[in-house]
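Presented below is the structure to which this report refers.
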Amino acid sequence: MKPQLFIKISLSLLVFLLMFLPFIPLILSSLSFGWQWPAIIPDSISFRAWDYVLFGSSGTWQAVGVSLLIALIVTIINILLAVPAANALVRNSFRGKWLMEAIIFAPIIIPPFVAVMGIHLTFLKLGLTETIVGVVLAHLSPTLPYMVRAIMISYQTLSVDWEDQARMLGAGPVSRFTLVVLPHLLPGIVAGASLSILISLSQYLITFIIGSGQVVTLSILLFPFISGGDPAIASAYSLLFAGMAIMTLFGLDVLLKKYYQQKKAVTNKG
Amino acid sequence: MSDLRIINVEKQYKQPQQKDNPAFSLHPINLTIHEGEFFSLLGPSGCGKTSLLKLVAGLLQADNGEIWIGDQNLTQVPSEARNFAMVFQQSLLFPHMTVEDNVAFGLKMQKVDKKQRLSKARDMLEHVGLQSFGSRFPDELSGGQQQRVALARALVANPRVLLMDEPFSALDPGLREEMRDLLSRIQLEFHVTVLFVTHDREEAFSLSDRIAVMSRGEFLQVGTAKELYERPLTTKVASFLGLKNIIEGNVESGYFRSTDGSFEFIVDATTKNGLSCLIVRPEAMQLVTEDSPTLISGIQIQGIVEQMKFNHGFYSVKISAGESHLTCSLTSQQAATLCVGQTIALQIEKKELWVVND
Amino acid sequence: MKNSIFLASAFLALTLSACSQDTNEQTAEETEQLLTSDWQTIADSATGQQVNMYMWGGSDNINRYIDEWVAPRLKKDHDVELNRVPMNDSQDIINQLVDEKFAGKSNGSMDIIWINGENFKTAKDNDLLWGSFSGQLPNFNDFIDKDAPEIANDFGEPVEGLEAPWGKAQFVFVHDEKKSQNPPKSMDELAEWVQENPGQFTYPALPDFTGSAFVRHVLYETTGGYEQYQQPAESISDLEKRLEPMWDYLNSIEPYLWRDGETYPESLAKQDQLYASGEIAITMSYDPALAASEVLKGRFPDSTRTFVLDGGTLSNTHFLSIPFNSSARAGAMVAINEMMSPEAQTAKLSPENWGDLSAIDLNLLSSEQQQAMNAVELGEATLSLAELENNRLPELSSDYIEIIEKGWLQHVAKE
């Protein structure tokens, strides 16, 4: 029993370290003032980078808001599109099914800038550039495949018998979907949503080209610093970005837990 | 009266619906199931019994024919509005709902208010002996308990017909029997019409008022368990029911004569001439001893004991008579006097001799 | 399902295009009038406009200068709202404009763009710029020496009023005084220096902007001065032969460079990193004040100093321009004029703000303004304005730069 506990603790510690190790240099570098080789840690610290990122005129908070708004809308649209798509792809066999799958999953393989040039011209003509909606539409292509994939896996484990059973108990199409199908898909939807949010948040090229600088997300602010070589500010932005992503996923997790708890509470009360 | 009537229902599959099911079609079927009757569809897998059940449920669309209940035509009514209930092989309890909510599901769909439906659900759980399990989740229950919840869920909304698709086949044999008893009891209590699909003849025999034996998409025979067992219409039915003593022969001018000549007796005038089979139930053969009464009408045969097997409470004895091999059931006391290789005499009453011509 | 996606996106597209139509679009006539009308009219029509300035966004100093110095003053004095849009690369601005031109987008959101050199040439060749507007700006007329070659030409390309000068840059070398007291002041000295200090020098691999500029200094010093190249490259028939001493020189120092010259830093940022971490002794910059601001940030050691070659270093001008489809041209003109004012230029010169050399001619300023500009503390690492001014060499036009960048890959990076 005891050695097992020891292994457990040391393993958790290892995982924890592995997860946080990459952040340590980032934290140091974001606070560094005169960090010269071969010093392992900076001689003195400065909050210059954080001051610029958090309190300066950099528009960071607005960019965080825009990033999250876009990721949220993208994810909601993804769910609305992916559920029927996954349903059709898993349960029906139809002519040209492989082609549909290939089209949906193509953005995973084809680099985004190939498509985004064509999208840009089309969106220019439609007046969709420089709008959040245009960016949202453009974000759908790299995110949708992951959502469809995740929900397809959920559908594969949902036998039609479940819906037949609900049907025999008098459930119409809407009740069948909300009371039987949706709860089963939920873990898949959450997995897909997490991916969709993360991918949307980290889109630079697509956001930049379609948003044309008028839709400023955190990655738009972050990129010039990464390639421009101000490591302190780039590190601070990277940490903020990671924080935003982690908080979002954490929030999603909390919401889900709340949902299940509520369900349990309601059933317990009854 | 709200009898369930199945009128000329037929269904053709153009392609095999699954890889292990060959393409087949359900021949036009006519059947009336009386209100409160327990009716079983018995047949090997792939005979179309589940398809017929799903056609009745409305989960499959028939090519032709109609489903009526009483004077109401249900053919175009969607499954969810038929007020039927169905229990599947898997319990299919919704995993994210408590047992109580699962049972109350059908009532919720009927917009029964919460208080009422939960009280009804609890009542029903009591009927299946699970009154204290209401607030648990399905994965905390054993397989048998889950199936009992499924049964409670199916019955709670007073369905007009309860459809059951091999509901106990995934359970352990001991549990299966327990479930049969429960089902019989509840069926009598609620007086619900049951259409039950099974490939297990014992199950069908012990539960059913009437049974339809199915093969390749058609009914071979419909009748009570006793009728089927004692008077199977064809050798196919007989062999499916496990009757082993099937002796080929010929009916000619009022006589049945087996091919090897070991059986010969007068048959009813109604029996058709031609190739026929004699079917003798194992328990219809009695050992002839010194003190056994002589039969007024019947036949006696000589045979050599080939094998004796103890079979809960009685012996199943294999005998060769002429070219035929027969199995008869003998009591332990009778069997105690026998040994393998011994020649014995058996007698069969005339009324137990059942001749069919296919 | 395919249909539903298609329908959904089509629906969205329709609703969006309907609401994104600009309501207060200026007519073509009105905007063209801005090129001829008097300044007061322009200033009046600029009132209340929002001006989007697209520029490289990778320096917090520059960003802060725009956001915290320029923008509030514009808002207060002229009711023009300046919105800085960060870019990763000025090339992206040009690509965007090419697409917009192709798609016929007339109500663009770029009002001011920060360009020079090759980007300017591409923009000019593709008609991506609005028109000759700089002559309309009072500060341009008052404080700029319009005939100076570095104002009239942008890397050899005639400016023709399509862009207005914003600042100047001059190439400097950066070294740590404590580590190397006598830095090399010519290419010959550099060749000796690298032999004495192997592994301490390198330059960013071409086509890096700064690396390429370094090689141009080698060209000037090893092939006999810049004067011969003030004509189109095509008209020099024996150009390849003339360039040979440059390749020979670069190959001769290569073995003594950082990592034995087997590899070069991929960008100036990487080279600065090497200098900051003490791996190499000399770096370089096309911004004479950058070293000072890096010292302020603590990235470069305090003993960092800059120097120019005895034969002078390259200098160029960077400009602000207005794209063909700007929606707020009057506002853009007011903003650009304001950014060229002596006050804005003086503030820009201060390393605390940015440290960018002024585009205006000191001689055209009033004595007070001159004083203010001279009083700017440039930081110990930055050379005096006079020292920089006296050691300036003109830039090469982009046809040469292209030849040099290709040639470098062929002759120097070949191994």
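Nothing in this text is a laboratory measurement; each read-out follows from the coordinates by a stated rule. This one's a predicted model, so the numbers in the text were calculated from it and none came from an experiment. Ideal geometry is used to build each Cβ from the backbone, glycine not excepted, and the neighbour counts take in all protein chains shown.
Magnitude of the Cβ-charge dipole of chain A, K/R +1 and D/E -1, about the Cα centre, nearest 20 debye?
Values: 15 positive and 9 negative charges, 188 e Å.
With Lys and Arg at +1 and Asp and Glu at -1, about 900 debye.
Which Cα, out of A:Phe250, A:Ile73, B:Thr259, lies furthest along the positive dipole direction of the protein assembly as shown (beta carbon charges, K/R +1, D/E -1)?
Checked the options; the winner is B:Thr259.
Expressed as a whole number of Å, what is the distance separating the alpha-carbon centroids of region C:200-278 and region A:1-29?
So the two Cα centres are separated by 48 Å.
Across the residues of A:159-165, average count of Cβ atoms on other protein chains within 10 Å?
The per-residue average across the peptide is 6.
Give the order of C:Glu157, B:Glu35, C:Glu395 when sorted by the count of other beta carbons within 10 angstrom, beginning with the fewest.
B:Glu35, C:Glu157, C:Glu395
Relative contact order, percent, of region C:348-403 when contacts are C-alpha pairs under 8 Å separated by at least 6 residues?
Rounded, it is 28 percent for region C:348-403.
Which order results if B:Val194, A:Val174 are arranged by neighbouring Cβ count within 10 Å, fewest first? Please report the intermediate quantities before stating the final value.
Details: B:Val194 25, A:Val174 8.
So the ranking, lowest neighbour count to highest, is A:Val174, B:Val194.
Given R₀ = 60 Å, FRET efficiency for B:Gln300-B:Asp123 by Cβ-Cβ distance, to 0.05? Write down the numbers at each step before the final one.
Working: r = 60 Å, r/R0 = 0.99.
My answer for the efficiency is 0.50.
For chain C, what is the convex hull volume of its Cα atoms per residue in Å³?
178 Å³
Find the Cα radius of gyration of region B:246-356, compare it with 2.2 N^0.38 Å by division, and give the number to two decimals.
Dividing the Cα radius of gyration by 2.2 N^0.38 Å gives 1.08.
Region A:60-269: percent of C-alpha pairs farther apart than 23 Å?
Tail of the P(r) past 23 Å holds 54 percent of the pairs.
Note the angle between two axes, namely the Cα long axis of helix B:143-155 and the longest principal axis of the Cα atoms of chain B, as a number of degrees from 0 to 90, rounded to the nearest 10.
70 degrees
Across the residues of A:9-20, average count of Cβ atoms on other protein chains within 10 Å?
0
Length gain on complete extension for the stretch A:Arg95 to A:Ser12, per 0.36 nm per residue less the alpha carbon to alpha carbon distance?
24.9 nm
Taking the Cα centre of the protein assembly as shown as origin, work out the dipole magnitude from +1 charges on Lys and Arg Cβ and -1 charges on Asp and Glu Cβ, in debye rounded to 20.
The calculation lands at about 6700 debye.
Could you tell me how many cubic angstrom of Cα convex hull volume region C:124-200 has per residue?
Value for region C:124-200: 171 Å³ per residue.
Report, in cubic angstrom per residue, the convex hull volume of the C-alpha atoms of region A:130-195.
Considering the Cα atoms of region A:130-195, their hull volume per residue is 91 Å³.
Taking the Cβ of B:Leu59 as the centre, find all other residues whose Cβ is under 11 Å away and add up their charges (Lys, Arg: +1; Asp, Glu: -1).
-2
Label point 7 Å out from C:Ser252 along Cα-to-Cβ: which residues of region C:172-187 have amide N under 18 Å?
Flagged as within label range: C:184-187.
Hey, could you get me the Stokes-Einstein D for region B:37-112, Kirkwood radius over alpha-carbon pairs, 4 °C and 1.567 mPa s, rounded to whole µm² s⁻¹?
Calculated translational D: 88 µm²/s.
If you take all C-alpha pairs in the protein assembly as shown, what percent of them are over 37 Å apart?
67 percent
On a 0 to 90° scale, report how tilted helix B:99-109 is relative to the longest principal axis of chain B, with both axes built from alpha carbons and the result rounded to the nearest 10.
For B:99-109 against chain B, the angle is about 70 degrees.
With only alpha-carbon atoms counted, please give the Rg and Dmax of region C:317-360, in Å.
12.0, 35
Taking every alpha carbon pair in region B:4-237, what does the distance histogram look like in 10 angstrom bins from 0, in percent?
Pairs per bin, as whole percents: 8, 32, 35, 20, 5, 0.
Taking 7 Å along the Cα-to-C-beta vector as the label spot, tell me the C:Ala191-C:Asp145 distance in nanometres, rounded to one decimal.
The two pseudo-label positions are separated by 3.4 nm.
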